[in-house]
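Let me begin by presenting the structure, written as structure tokens, before commenting on it.
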Amino acid sequence: MSDKHHILLVDDDLMMTMLQEVQLGTERYRFSTATNGRDALARIAEDKPEVILLDVVMPEMDGMETCRRIRANEDYADIHIIFVTANDNEATRLTAYNVGGDDVLGKPLNSTVINNKVDAAIRIRQMVKCLREEVASTLGVLMSTIITSGEYGVVMNFFRNSYACNNVAELAEVVLKALDEFGLTGSVQLRSDDYILTLNTVRRSSPIEQEMLLNLSVGNRHIYDYGVRTVFCYPNVAILIKAMPIDDAEAYGRTKDNIALLSEGAEFRLKALCGEIAVHSQRERLMASVTVASQTLNRVNVEYKRGQSEMAELFGLLEQSLEWAFAGLGLSDGQEAGIWDLVRPLMNRASSLYEKGVSLDMQLDRALQALRASLEERADLAGGHLELNRPDAGYSKLYPPESQGHATTPLIPGSAARSNVY
């Protein structure tokens, strides 16, 4: 099609349309003509013009009615309509304005005026077109920015919530909620040294999904595309997206970036969480050992005290028995004193050793109590509320028993065998 601007000339006087063509020139414009309103509407439907020079008084359908019908069609809203009339007065101009005309050109036609009017119409139309394109582009960028901001908000919310997770099951739920907010369906698999937790967006999982994610996962980061499915694999985390927006390149790219961020964030949080659980578990075991030792020392202390009482009683009986024995043996005072000089130091030494044992027991007990208090304080500071019995502890709190269709696989050292628990 020609690069010239298209002008429709509508007038029942053929001489007038020929004059308009001569005045405007064929160097810049190409022309089509119509002799009445109905004919003009048909020409517009065949080849929409940029500008219409429209006579007011015509048979069958006059210019005002023709303009009204053109403006009733939204597809023709960008056509610039200039009325051509011999009655260029205020009433005509007001009527032209009311029916949707853009300008009025009086007869007889002046070559300079008609060229200026048409040039201005072309410029205005081009300006409006550029403005509409800029508005559309700006709206597109604005909508893209709004969408992107909302998606980044989901990612930031995931990171914030992940740090509040106390166990692997809660972390899996935070990941799935992020997928829900993105409007995506899929599965997440979190792996620790002891267990594998696999869960999908309907809070269930199948052994097939679990094995597929496990088999795809390697030591490094990998992203696998299978048609509309994409799997994001990290050493300890795998996320499967079942319906990627492959028909929208921009949305597809954003989705890949966002899920990669989720996967990496979950990977780092899972490692930290497992470390926290291990440290807390060690602390709990140490505290349990301290408790056992403290209880043992308490029992030993009670036995010490009972033994001290019995020993004192025995020493008293021994001393009384010796006195009776001395009386029956007929020993002299010197002989009795010599025997007592041998016995009493031994009795005193035994009593002293017992007292030292009790003192050491009390010191050790105080040390154990101080260690226990220190461990309890550190546990409170580090978040002693971590659940330690297994990495997916807390799952039953998140979902009722009837909905627990997830796959939790214990890893058996030295064996490739796995068992699924549902």
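For E181, the requirement of being crowded, with 17+ Cβ neighbours inside 10 Å, in the same structural domain as A251 (by TED's automatic domain parsing), of a type in the set (D, E, K, R) and under 16 Å from the mean Cα position of the chain (by Cα) is not met. Taking the criterion of being within 29 Å of N167 (Cβ to Cβ) and in contact with an Asp or Glu (Cβ under 7 Å, 6 or more places away or on another chain), the only residue of segment 241-271 that qualifies is N258.
Evaluate the following for L197: is it over 30 Å from R28 (Cα atoms), at pLDDT 85 or above, outside any helix (DSSP H, G or I) and in the same structural domain as T255 (by TED's automatic domain parsing)?
So L197 passes the test.
Of the residues making up segment 228-250, those that are surrounded by fewer than 19 Cβ atoms within 10 Å (Cβ to Cβ) and either closer than 15 Å to T185 by Cα or not assigned by TED's automatic domain parsing to the domain that holds V168 (or both) number 6. Of everything listed in (1) surrounded by 15 or more Cβ atoms within 10 Å (Cβ to Cβ); (2) part of a loop (DSSP other than H, G, I, E, B); (3) hydrophobic (A, V, I, L, M, F, W, C), the single unmet condition for V175 is (2). Taken together, I223, I208, I241, I246 contain a single residue that is β-branched (V, I, T) and without any contact (Cβ under 8 Å) to a residue 12 or more places away in the chain, which is I208. Does any residue in segment 293-310 that is under 24 Å from A370 (Cβ atoms) and among the aliphatic types (A, V, I, L, M) come within less than 6 Å, Cβ to Cβ, of a residue that is modelled with pLDDT under 70 and loosely packed, with under 12 Cβ neighbours inside 10 Å six or more places away or on a different chain, and which pairs are these? Taking only residues 6 or more apart or on different chains, not a single pair turns up. For I52, the criteria (1) among the aliphatic types (A, V, I, L, M); (2) touching a residue at least 24 places away in the same chain (Cβ under 8 Å); (3) surrounded by fewer than 20 Cβ atoms within 10 Å (Cβ to Cβ) hold in every case but one, which is (3).
Say whether the condition of being in contact with a Leu (Cβ under 9 Å, 6 or more places away or on another chain), in a loop (DSSP other than H, G, I, E, B) and either crowded, with 19+ Cβ neighbours inside 10 Å or among the acidic types (D, E) (or both) is met by at least one residue in segment 207-225. No, that holds for no residue. The one condition from (1) closer than 17 Å to K4 by Cα; (2) buried (at least 16 other Cβ atoms within 10 Å of the Cβ); (3) β-branched (V, I, T) that I124 does not meet is (2).
Of everything in segment 22-35, what is under 20 Å from E46 (Cα atoms) and either surrounded by fewer than 16 Cβ atoms within 10 Å (Cβ to Cβ) or under 60 Å from the mean Cα position of the chain (by Cα) (or both)? Give them in sequence order.
Scanning segment 22-35 gives Y29, R30, F31, S32.
If you check T255 against the conditions, is it in contact with a Phe, Trp or Tyr (Cβ under 8 Å, 6 or more places away or on another chain) and of a type in the set (V, I, T)? In short, yes.
The values are calculated or read from the model by the stated rules, or taken from the named source; none is laboratory data. None of these values were measured; they are calculated from a predicted model. Neighbour counts run over all protein chains shown; Cβ positions are idealised from the backbone, glycine included.
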